[in-house]
Amino acid sequence: METLKLSGKCGIKKAAEILNNGGIVGIPTETVYGLAARADLSDSIKNIFTAKGRPQDNPLIVHIESAADLQKIAKDIPAVAYRLADAFWPGPLTMVLNKTDFVCNEVSAGLDTVAVRMPLDSVARAIIKQTGFPLAAPSANTSGLPSPTTAAHVLADLNGKIDAVYMGEDCTVGVESTVVALFCNPPRLLRPGAVTAEQLKEFLPDLVIDKAVLDEPDAGEKVASPGMKYKHYSPKTPVFLVEGSVKDYVNYVNTKADAVAVCFSEDIGINIKKIEYGSLLNESTLAHNAFTVLRKVDEGNFAAAYVHAPSKSGVGLAVYNRLIRAAAFKVIKL
Ligand code: TXA
Ligand code: MG
C-alpha cells in the first residue's frame with residue numbers, strides 16, 4: 001500500500017477520516033511516534049500487530065483527549081488515579097486500570113486491564129479529538145527496533161505497511177511514557193519514563209519497582225508488563241552498556257579501535273569514533289537522543305557500540321531501562 005504523508009490542518013482531518021474508516025496512522029506524540037487505530041475496532045488493531053510484527057500477547061496503550069473519556073475505557077478507578085491525572089496529564093504517564101468492554105480484546109491482549117494515557121502533543125490531541133474515539137497506539141516502529149522519535153524513523157520502518165503518517169515535529173521527550181499499574185496493591189512501576197519513580201512516590205508511597213525494569217526476565221517467567229520480556233530497541237551492531245566515571249569510560253573505549261563510543265558531552269579525550277547523546281548533568285537530553293543514537297550506530301560499520309550508562313534515578317532510570325535492553329543486558333562495570 002502507499003503510505004500517505006500528512007501535514008497541517010488538512011492532515012489532521014485526513015488522519016481522522018482514515019482512522020474512522022478502520023485505517024492505521026503514524027502520529028507524533030511528545031514521547032515517541034505512535035501507530036494509531038481506533039481502540040474499539042478489532043480488525044484495525046490486528047493490522048497494527050501485523051504491520052509492526054508485534055507479539056500477540058503484548059497489549060497496547062489507549063490514548064484519550066479528555067478526562068471524561070477515562071470512564072469510557074476504565075472501571076474501578078481508584079481516587080489516586082485522578083490525582084495522578086491532575087498532576088501529570090496531559091503528559092507522559094500511562095496508568096493500567098481495569099478495563100471496560102469498550103476496549104476490544106486485541107488492545108488488551110486478552111487481559112482484564114487497560115493501559116491509558118492522555119498525550120501532551122497538540123497534533124496527537126487534535127487527531128484524537130477529530131476522530132472522536134480513544135486511539136490505541138504502540139510505538140510506530142518494527143517490533144524489536146529502536147522506538148521512533150521522528151517521522152523519518154516511522155517511514156524507515158513502516159513505509160508501505162501503514163495507511164499514513166503525520167509528518168510532525170521530532171518528539172521532545174524521546175523515550176516512551178512511564179507505565180504504572182494501579183489495579184493492583186501495592187501499585188507497581190512497570191516501565192520508567194519522564195514522569196519519574198520519585199515523582200510517583202509522592203502520590204504512591206508504597207510504589208514497587210517491577211523487577212523487569214532493570215533485570216533480565218528468566219526464561220518462561222510470568223511478567224507484569226508483557227512488553228518488558230521481549231528483546232527491544234536493538235540496533236544490528238552489538239551494544240554494551242558501560243558503567244563508570246568519565247575517566248574510566250574514556251580509558252576503556254580508547255582500547256576499542258573498531259568500535260563506536262556513545263558518550264556524554266562530558267566524556268573528553270575519546271580517540272575512537274564517538275557519538276554524543278547528551279549531558280550527564282541533564283539526563284533529559286540523554287532521553288531525547290537515546291533512540292536516535294541507537295539508530296545511528298548502524299550507519300557506521302562498527303564492531304560494537306559502547307554506551308556510557310546514565311544513572312538509575314530520575315529520568316536516568318528510563319534511559320538506563322531502554323539501553324540495557326538495547327544491550328541485551330550486557331553491562332560492563334568498570
Ligand atoms: O509513550 C508511549 O507510551 C508510546 C506513545 C505512542 O504513547 N507508546 C508506547 O506503546 O510506548 P508500546 O506499545 O510500545 O508500549 C506499551 C507498553 C508495553 O510495555 C506493554 O506491555 C505495556 O505498555 N502495557 C500495555 N497494556 C498493559 C496492561 N494492560 N498491563 C500491563 N502492561 C501493559
Ligand atoms: Mg514499543
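The values are calculated or read from the model by the stated rules, or taken from the named source; none is laboratory data. The model shown is predicted, which means the values in this text are computed figures rather than measured ones. Counting neighbours? That spans all protein chains shown, and the Cβs are built from the backbone with ideal geometry, glycine included.
Tabulated data
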| read-out | value |
| --- | --- |
| Those residues of region 57-76 which are away from ligand 2 (no atom under 16 Å from the Cβ) and either surrounded by fewer than 18 Cβ atoms within 10 Å (Cβ to Cβ) or touching a residue at least 60 places away in the same chain (Cβ under 8 Å) (or both), in sequence order | Ile64, Glu65, Ser66, Ala67, Ala68, Asp69, Gln71, Lys72, Ile73, Lys75, Asp76 |
| Within region 210-238, tally of residues that are surrounded by 16 or more Cβ atoms within 10 Å (Cβ to Cβ) and without any contact (Cβ under 8 Å) to a residue 40 or more places away in the chain | 4 |
| Residues that are within 16 Å of ligand 2 (Cβ to nearest atom) and either acidic (Asp, Glu) or not in a loop (DSSP other than H, G, I, E, B) (or both), drawn from region 2-33 | Gly26, Ile27, Glu30 |
| Top-ranked residue in region 258-283 [being acidic (Asp, Glu) and within 14 Å of Gly244 (Cα to Cα); ranked as surrounded by the fewest Cβ atoms within 10 Å (Cβ to Cβ)] | Glu266 |
| In region 94-105, the residues that are within 16 Å of ligand 2 (Cβ to nearest atom) and of a type outside the set (S, T, N, Q) | Val96 |
| Where a residue in region 149-160 is buried (at least 23 other Cβ atoms within 10 Å of the Cβ) and its partner, wherever it lies, is of a type in the set (A, V, I, L, M), with Cβ under 7 Å and at least six apart | Thr149/Val32; Ala151/Val165; Ala151/Met167; Val154/Ala140; Val154/Val165; Asp157/Leu145 |
| Residue list for region 21-74, restricted to those being among the small types (Gly, Ala, Ser) and at pLDDT below 95 | Ser66, Ala67, Ala68 |
| Region 34-56 - residue that is within 17 Å of the chain's Cα centre (by Cα) and in a loop (DSSP other than H, G, I, E, B) and, of those, farthest from Met167 (Cα to Cα) | Pro55 |
| Filtered residues of region 181-229 (kept if more than 11 Å from ligand 1 (Cβ to nearest atom) and of a type in the set (S, T, N, Q)) | Asn185, Thr196, Gln199 |
| Residue that is among the aliphatic types (A, V, I, L, M) and within 9 Å of ligand 1 (Cβ to nearest atom), where the choices are Ala79, Ala109, Ala85 | Ala109 |
| Selection status of Ala219, outside any helix (DSSP H, G or I), under 14 Å from the mean Cα position of the chain (by Cα) and within 18 Å of Arg325 (Cβ to Cβ) | no |
| In region 201-216, the residues that are in a helix (DSSP H, G or I) and of a type in the set (D, E, K, R) | Lys201, Lys211 |
| Of residues in region 129-150 being hydrophobic (A, V, I, L, M, F, W, C) and away from ligand 1 (no atom under 11 Å from the Cβ), the one farthest from Asn105 (Cα to Cα) | Leu145 |
| Lone qualifier among Ala79, Ala87, Ala109 - being surrounded by fewer than 19 Cβ atoms within 10 Å (Cβ to Cβ), among the aliphatic types (A, V, I, L, M) and within 16 Å of ligand 2 (Cβ to nearest atom) | Ala109 |
| Any chance Gly174 is closer than 17 Å to Ser139 by Cβ, within 16 Å of ligand 2 (Cβ to nearest atom), in contact (Cβ under 8 Å) with a residue 60 or more places away in the chain and surrounded by 17 or more Cβ atoms within 10 Å (Cβ to Cβ) | yes |
| Residue in region 94-105 that is more than 10 Å from ligand 1 (Cβ to nearest atom), over 23 Å from Thr196 (Cβ atoms) and buried (at least 21 other Cβ atoms within 10 Å of the Cβ) present | no |
| Sole residue being within 30 Å of Ala156 (Cα to Cα) and touching a helix residue (DSSP H, G or I) at 6+ places or on another chain (Cβ under 8 Å), chosen from Ala224, Ala212, Ala197 | Ala212 |
| Within region 98-162, helices (runs of 4 or more DSSP H) holding 2 or more residues that are of a type outside the set (Ser, Thr, Tyr) and within 18 Å of the chain's Cα centre (by Cα) | 122-131, 151-158 |
